[in-house]
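Presented below is the structure to which this report refers.
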Amino acid sequence: MRTLKVTGKAKVARNPLGSAVVGKQLWVPCIDANAIDVVDPATMKVVAHKTIAGGPIAVLSAFGRTWVTQSTGTKLLRL
């Protein structure tokens with residue numbers, strides 16, 4: 001962060017948005033793909049692809065759970 005140099009790049013699904021660290025992984029909501037791509041920060045590879053209908057916008061890890069907001073604005077998912 002000090003140098004603002006890019007040190008890695010992950011290829012995720014379409015239109016990544018509000019990502020969060022969940023455990024030791026980065027969860028990336030991809031609104032246009034209706035999915036969350038789970039990235040291993042050590043390898044910068046997608047290690048899981050979770051289908052989430054409704055266009056996931058943001059992920060938050062709190063209270064021992066993972067929360068996902070959707071573009072429809074009518075649901076908050078607790079995973």
On a straight-distance basis, which lysines could pair with K75 in a cross-link, Cα separation under 25 angstrom, same-chain partners fewer than 8 positions away excluded? K50
Debye calculation, C-alpha points only, no solvent: report log10 I(q)/I(0) for region 27-73 at q = 0.15, 0.24, 0.29 Å⁻¹, in the same order as the q values. -0.38, -0.85, -1.03
Stokes-Einstein D for region 10-49 at 20 °C, 1.002 mPa s, Kirkwood Rh over Cα pairs, in µm²/s? 220 µm²/s
So with the 1.4 Å probe, I'd like the accessible area per residue for the chain, rounded to whole Å². 69 Å²
List the lysines whose Cα sits under 27 Å from the Cα of K45, skipping any in the same chain fewer than 8 residues away. K5, K9, K11, K24
Could the peptides 50-60, 69-79 be put in order, highest first, of the mean number of other beta-carbon atoms found within 10 Å of their residues? 50-60, 69-79
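How many percent of the accessible area of region 18-79 is carbon or sulfur, using a 1.4 Å probe?
Values: 2080 of 3540 Å².
Carbon-and-sulfur percentage of accessible area, whole number: 59.
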Could you list the chymotrypsin sites (Phe, Trp or Tyr not before Pro) in region 1-75 that lie in coil according to DSSP, counting only those with at most 13 other Cβ atoms within 10 Å of their Cβ? F63
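To the nearest µm²/s, what D does Stokes-Einstein give for the chain at 25 °C and 0.890 mPa s, using the Kirkwood radius over alpha carbon pairs as Rh?
On the way: Rh = 12.8 Å.
Estimated via Stokes-Einstein, D reaches 191 µm²/s.
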Neighbour net charge for V46 - beta-carbon separation under 14 angstrom, K R +1, D E -1: +3
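What ranking do 12-21, 32-41 get when scored by the average of other Cβ atoms within 10 Å per residue, highest first? Intermediate values should be presented prior to the final figure.
Numbers: 12-21: 15.4, 32-41: 18.2.
Ranked by mean Cβ neighbours within 10 Å, highest first: 32-41, 12-21.
The values are calculated or read from the model by the stated rules, or taken from the named source; none is laboratory data. The shown structure was predicted, so the numbers you read here are calculated from the model rather than taken from an experiment. We place every Cβ from the backbone using ideal geometry, glycine too, and count neighbours over all the protein chains shown. The protein model used for the area step is the full one, side chains on, heavy atoms only, and it has no ligands, DNA or RNA in it. Shrake-Rupley method; radii C 1.70, N 1.55, O 1.52, S 1.80 Å.
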